[in-house]
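Let me begin by presenting the structure, written as structure tokens, before commenting on it.
Coordinate-derived values only; no laboratory data. Predicted model, so just to flag it, every value in this text is computed and none were measured. Note that each Cβ is placed from the backbone with ideal geometry, even for glycine, and that neighbours are counted across all protein chains shown.
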Amino acid sequence: MQFSRNWLKEFVDFKVSDEELCEQLTMLGLEVDNYKPYESKLTGNDAIIKLDLTPNRGDCFSILGIAREVAAANNLPLTLPKINNIKSSVKSPLSVSVCNEAPRYVGRYIAGVNLKKKVPPLIKERLKLSDTKVIDPIVDITNYVLLELGQPLHAFDADKLEGNLQVRFAKEKEKITLLDENKLSLDEKSLVIADQKKPVALAGIMGGLGTGISNKTQSIYLESAFFTPAAIRGRARKFSIQTEASTRFERGVDFELQVLAIKRASTLINETLGSDFSPIQEFVRKSSIPKNKDIILNINNLNKILGTNLTKSAVKKGLMSLGLKNSVSNSNNLKVKVPSWRFDLKIEADLIEEIARLVGYNNIPQSSLSRKIRTSEDTLHSSIRETFQSMGYNEVITYSFIDQSLAEIVGEKKKQLIFVENPISQNMNVMRTSLLPGLLDTLSYNMNQGSESLKIFEIGSVFNKRDSNKINEREVVGGLIMGIEGKDNWSGSNKQLDFFDLKGNLETVLPELSKFTFKREQVPFLHPGKTAALYKGQKKVGYLGTVNPKLLDKLDIKGEVNFFEFSLDDVSGKKNIKFKKFSRFPLAQRDLSFVVDEEITSSSITDTILSKAGSNLKEINLFDIYTGKGISEGQKSLTYSLSWQAVNRTLTDDEVDKIIGRIVSFLSKKFNAKLRA
């Protein structure tokens, strides 16, 4: 937003210097990109100020919006531009049908337009200082009002319109040629203004060439409308168009401004061109016009958050200066009415920020932060991060938005996907249902940069729809490994990272490992023979496995990739950590190798050993799985290391041998397992 300082002074008569004004605007959150002095032949000493506005402050894309801020900061009155009452002398031949996405449409028919006349030099100068091209008197005046009040206007050549107007969504592949001669093929999500035969404007973005004004235009129909931000947002980007109108409508235009804007434009047109005016027409769908929201502001909360000691009367005065009418709700609360131009104010924290801006961020007292007691959730996050990092993993953060095709690859049905209404990119149009797509994209990027081995993990949210159509958000941990263990280390083993490496890493990370089991299952995007589900008790909380080679081929990733994902909510749990006295007596250790059929899982053997090993079992560890010479085809050897330790005495060999005999006997009966010599 670029404007003339003298133009701003017509709205609020401030006395500060240019440097002070720029500093004030920046501290109010309207960052000054640059300014430079300008000597005007019409208004004398002036300056050109350019602001870099954040997307939430759509109300400040106008002189009026900026003037409100300056008036509030300096406790000065606000002066609105001159409006003349114009006597109607003609009748409008048009009416307009509105819709939910355009609940207010104000129009005025103007006849006897002479486009050979010129706008006053002051209007021309201010348009140029605002980096706006001077075209013809009607376009110049609508642009002037746009910059002055923030309301986009459009003028149709009334003689080129075929019948009454309607605001509607386009038909699939309906065509329109815009004023910039850009030819578009529209879809059913494109909001248009149409006469009885064709679209005549892309609503809130640009008018159509066929009904645009020219030097032959004798009558116009002036439009001043409110379009909902959701109906306009993303449409301009879809067609690679960015206009002054779309910039404002996407962010939210004051829904009570339309009549004032058309009166202001009529005043300027009447002063410049004369012409004959019809009465102002207003077409409204009341049920769809936004409501002025009420927000409760607690004074105690405000002072606690800002570290201030502001009185209720001071807060009320500050809010009123910004146009936020308020009343006392009770002794500590204010009931604040959000004005029609502030689409960014939604919750109490937004009002607290408004007061902070007025007080001045530099004037807020400094105080030490209070000590925060870490929650069990914080501790779990830290523990998981530190454990993965200690095993050589790098943490990554990927987008929550992915391409629909990737979401469907990882097994989600289309009806369960959550689509983004205004995606930042066409290949980021759905919310992710798994961390896998983002992690694979990170893997692919690093491989293209020359990495041959990678171990990464992420803690993030995934999203899908439940049967009730409610959005389900879960926090999960996911990660993947690929390449050679210790590839970048001279002492590395040069061993290929595989499923069992990943499983071992998970066993290290999981809190209270004894509560978890791994069971062979199938997951659509993982290798059918190298996949396991993670259970906590009887509840499935995650899975791990080798990514299906067919999926890797589609993404042009070479080599074996192993992936895991589990739910943080299901893994976490409140733990009462208690000190347990350690034993001073020696361990009794034994290594046992069992030959079993290949389809028998190691977890089932481990669970059986645990059930028969007695209360003095200290540790069990599967440290070798072997197939090959000496082992029959279809079988495998599982080797376990077991340690026993009593807290009050030394265990004897006879006691340990009896336990081992019990384990061997039971495994033999249940699994036909044989103790390997």
remark   = Any aspartates and glutamates whose Cα falls less than 15 Å from that of Lys413, other than same-chain ones fewer than 8 residues away, would be Asp403, Asp467
task = Using Cα positions and a limit of under 17 Å, work out the aspartates and glutamates in reach of Lys9, with same-chain residues fewer than 8 apart set aside.
result = Asp18, Glu19, Glu20, Glu23, Glu39, Asp46, Glu69, Glu125, Glu148
task = Whole Å is fine, so just give me how far the alpha carbon centre of the stretch 332-371 lies from that of the stretch 208-270.
result = 33
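Please identify every one of the GluC sites (Glu not before Pro) in the stretch 214-258 that sits in a loop by DSSP and has no more than 10 other beta carbons within 10 Å of its own beta carbon. Walk me through the numbers before you get to the answer.
Working: sites: Glu223, Glu244, Glu250, Glu256; in loops: Glu256.
Hits after loop and neighbour filter: nothing returned.
Tell me which GluC sites (Glu not before Pro) from the stretch 429-473 have a DSSP coil assignment and no more than 14 other beta carbons within 10 Å of their own. Don't jump to the answer; show the numbers that get you there.
Working: sites: Glu452, Glu458, Glu473; in loops: Glu452.
Counting only loop positions with at most 14 other Cβ atoms within 10 Å, the GluC sites (Glu not before Pro) in the stretch 429-473 are Glu452.
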ask   = So what's the angle, to the nearest 10 degrees on a 0 to 90 scale, between helix 499-509 and the longest Cα principal axis of the chain?
value = 80
task = Send over the Kirkwood Rh of the chain, from the inverse of the averaged 1/r over different Cα pairs, rounded to one decimal Å.
result = 31.4
Interatomic Cα distance distribution for the stretch 246-395, bins of 5 angstrom, percent = 1, 7, 12, 12, 10, 10, 10, 10, 9, 7, 5, 3, 2, 2, 1, 0, 0
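Viscosity 0.692 mPa s, temperature 37 °C: what is the translational diffusion coefficient of the stretch 296-366 from Stokes-Einstein with a Kirkwood Rh over Cα pairs, rounded to a whole number of µm²/s?
Numbers: Rh = 12.2 Å.
Using the Kirkwood radius from Cα pairs, D works out to 270 µm²/s.
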ask   = In 5 Å bins starting at 0, how do the alpha-carbon pair distances of the stretch 2-74 split up by percent?
value = 3, 16, 31, 29, 14, 5, 1, 0
task = Report, in degrees rounded to the nearest 10, the 0 to 90 angle that the Cα long axis of helix 436-448 makes with the longest principal axis of the chain.
result = 90
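How much net charge surrounds Lys337 when only other residues with a Cβ under 11 Å from its Cβ are counted (Lys, Arg +1; Asp, Glu -1)? Mind dumping the intermediate values first?
Values: positive: Lys291, Lys293, Lys325, Lys335, Arg342; negative: Asp294.
Charge balance near Lys337 sits at +4.
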ask   = Can you give me the relative contact order of the stretch 183-311 as a percent, contacts being Cα pairs under 8 Å and 6 or more apart?
value = 17
request  = Round to the nearest 10 and give me the degree value, 0 to 90, for the angle of helix 602-612's Cα axis relative to the longest principal axis of the chain.
outcome  = 60
ask   = Taking Lys612 as the anchor, which lysines have their alpha carbon closer than 19 Å to its alpha carbon, excluding any fewer than eight residues away along the same chain?
value = Lys515, Lys658, Lys669, Lys670, Lys674
query = Taking a quarter of the surface of the convex hull around the Cα atoms of the stretch 96-288, what do you get in nm²?
reply = 9.9
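Relative contact order for the stretch 294-363: what is it in percent, counting Cα pairs under 8 Å that are at least 6 residues apart? Can you show the working numbers first?
Working: 73 pairs, mean separation 26.8, N = 70.
With pairs under 8 Å counted, the relative contact order is 38 percent.
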inquiry  = Taking 23 Å as the cut-off for C-alpha to C-alpha distance, list the pairs among Lys536/Lys581; Lys189/Lys346; Lys519/Lys636; Lys455/Lys530; Lys82/Lys124; Lys263/Lys316 that go past it.
reply    = Lys536/Lys581; Lys189/Lys346; Lys263/Lys316
query = Over the alpha carbons of the stretch 588-675, what is the largest minus smallest coordinate on each principal axis, giving the biggest first in Å?
reply = 46, 23, 20
ask   = Cα centroid distance between the stretch 115-159 and the stretch 605-677, in Å?
value = 88
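For the stretch 422-485, which trypsin sites (Lys or Arg not before Pro) are both in a DSSP coil and crowded by at most 12 other Cβ atoms within 10 Å? All intermediate terms of the calculation are to be shown ahead of the outcome.
On the way: sites: Arg432, Lys455, Lys465, Arg466, Lys470, Arg474; in loops: Arg432, Arg466, Lys470.
Passing sites in the stretch 422-485 are Arg466, Lys470.
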ask   = Compactness ratio of the stretch 176-215: Cα Rg over 2.2 N^0.38 Å, N = residue count?
value = 1.09
key: Cβ-based net charge around Val98, under 11 Å, with every Lys or Arg adding one and every Asp or Glu removing one   = +2
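Using the alpha carbons of the stretch 424-465, what is the convex hull volume per residue in cubic angstrom, as a whole number?
Numbers: hull volume 3.5 nm³, N = 42.
Convex hull of Cα atoms, per residue: 84 Å³.
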task = Evaluate E = 1/(1 + (r/R0)^6) for Met428 and Gln242, where r is the Cβ-Cβ distance and R0 equals 22 Å; express this FRET efficiency to the nearest 0.05.
result = 0.70
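Expressed as cubic angstrom per residue, what is the convex hull volume of the alpha carbon set of the stretch 232-328? Numbers along the way, then the final one.
Numbers: hull volume 21.2 nm³, N = 97.
Taking the convex hull of the Cα positions in the stretch 232-328, it is 219 Å³ per residue.
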ask   = When the C-alpha atoms of the stretch 410-550 are aligned to their principal axes, what extent does each axis show, in angstrom, from largest down?
value = 53, 41, 27
key: Solvent-free Debye scattering, log10 I(q)/I(0), computed from the Cα coordinates of the stretch 307-463 at q = 0.10, 0.16 Å⁻¹   = -0.71, -0.97
key: Alpha carbon centroid spacing (whole Å) that separates the stretch 32-68 from the stretch 507-554   = 59
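Express the relative contact order of the chain as a whole percentage, based on alpha carbon pairs under 8 Å and six or more residues apart in sequence. Intermediate results must be reported in sequence, preceding the final value.
On the way: 1230 pairs, mean separation 59.6, N = 677.
Rounded, it is 9 percent for the chain.
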note = Rounded to a whole number, the Stokes-Einstein D of the stretch 516-639 in µm²/s (Kirkwood radius over Cα pairs; 4 °C; 1.567 mPa s) is 73
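What value, in deg cm²/dmol to 500, does the helix sum -39500 (n - 2.57) over DSSP H runs of n ≥ 4 give at 222 nm once divided by the residues of the chain? Please list the in-between numbers first.
On the way: 20 runs with 196 residues, N = 677.
Computed ellipticity for the chain at 222 nm equals -8500 deg cm²/dmol.
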